[in-house]
1. Please give, to one decimal in nm, the separation of the simple spin-label points placed at residue 219 and residue 171, each 7 Å out from Cα toward the Cβ.
2. Go ahead and collect, in residue order, the members of the stretch 214-253 whose backbone nitrogen is under 18 Å from a label point 7 Å along the Cα-Cβ direction of residue 179.
3. Any idea of the accessible area per residue across the stretch 52-184, 1.4 Å probe, to the nearest Å²?
4. Take the alpha-carbon centre of the stretch 321-336, take the same for the stretch 243-309, and report the distance between them in whole Å.
5. For the stretch 164-203, with all protein chains present and a 1.4 Å probe, just round the carbon and sulfur fraction of the accessible area to a whole percent.
6. Using modelled amide H (1.01 Å from N, peptide plane; none on Pro or chain starts), what sits under 5 Å from the amide H of residue 279, excluding residues fewer than 5 places away?
7. Normalised by the residues of the stretch 130-224, what does the relative contact order come to in percent, with Cα pairs under 8 Å and at least six apart?
8. So what are the three principal axis dimensions of the stretch 260-372 from its Cα atoms, in whole Å, longest to shortest?
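The values are calculated or read from the model by the stated rules, or taken from the named source; none is laboratory data. Source: prediction; values computed, not measured. Because the Cβ atoms are built from the backbone with ideal geometry, glycine has one as well, and the counts that use them run over all protein chains shown. Ligands, DNA and RNA are excluded from the accessible area calculation, which covers all protein heavy atoms including side chains. Shrake-Rupley method; radii C 1.70, N 1.55, O 1.52, S 1.80 Å.
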Amino acid sequence: MRAVSLARASHSGRAHPARAHGVPARRSPALAPLRSVSTAIARAKGKRNTENDVDATDGASAPAQRVVDMVLGRSDEGLAQNLEFGEDAAYFSLDAQKTSSWAWFFGLLTGVMGLLYVVWIDPTNGLGSSFTGAISAVAPNSEVAILEILFVFAVVHSGLAYLRPYGEDLVGARAYRVMFALVSLPLAAAAVFYFINHRYDGTALWNIRGVPGVHSAVWAASFLSFYLLYPSTFNILEVAAVDEPKLHMYESGITRITRHPQAVGQLIWCIAHTAWIGSSFMVATSVGLMAHHAFSCWHGDFRLRRKYGDAFEKGLKQRTSIVPFAAILDGRQTLPKDYWKEFVRLPYAFLVPFCVGAYLAHPYMQQIAYWLNY
């Protein structure tokens, strides 16, 4: 089960979109980071060996090298064009990364995971067993228990997201992100491990696991669902508060298809796993997950409107849709000629080994869950 936690001006030389909608320039923070993207591109180009430099716009360039340059953020060719309201989703420049930042990331990750184990996961003294045990004690069955666990996670996770601007004013963006993670991660872990242990509970509604092609279809759907992660998920250094966390508004990439890709990805995941498992517990889990993501669609729009004002309400919202492809079909969104280039990014390339690794890790995740006995 997926346990879940990125502004550039127009390249076309158009007027400032926020001013075009009557919004003061100071209310358009989504358009400021163009300098950082351009700087990253320039820095990346400056670091390349001139003897091996490949101009992505040169027709004589090797196609494979052009793709590699786009993936690594070394070419303008991979940048989304004519952005008016938001950022280029999932943009990543490998050459702009700092070794010290990633050293901090892995150090923090190790520390947080160690703390999570001691305080929450440890089956002897951790609080996780007590939390799930208390939920189970008041729930008549595991179907109700998983709904209660997901409800607690949803209230805490979305509640802290709502309070984010106020919390950041008090303690700063980095400190608030750390607090947010330290509260959300344990609850997410409890939901994941409880789900693994009880996924076949309740009534067996159907069993199609032996039907030829079903396993492959479920695997493919699950793989696709991870490509619908919200682009902010790829800002790992912000997620870990190494870089200052920001509330991003995206305009390119998957956002052109759906403004809330993670909700769509969760729906695909739920359909695939419900079909595969076929238990009443799995149905209850999917209902709980989708109820939270349906709320998150409204809440996500609310938070973007609260921060970006008309740049979101009269701009991005009018050109995108929650339902996949709806804005395209009714003419509000037009896909660029080379739309596929907006997905030729390192984060999306990394998803391939990640998804394969997650699939191969299923037996080990099950062993851990059984050991914890949530």
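1. 4.3 nm
2. It comes to 239-242, 244-247, nothing else.
3. 52 Å²
4. A separation of 18 Å, based on Cα centres.
5. 66 percent
6. Sorted by chain and number, the residues that satisfy this are 205.
7. 31 percent
8. Result, largest extent first: 51, 31, 27 Å.
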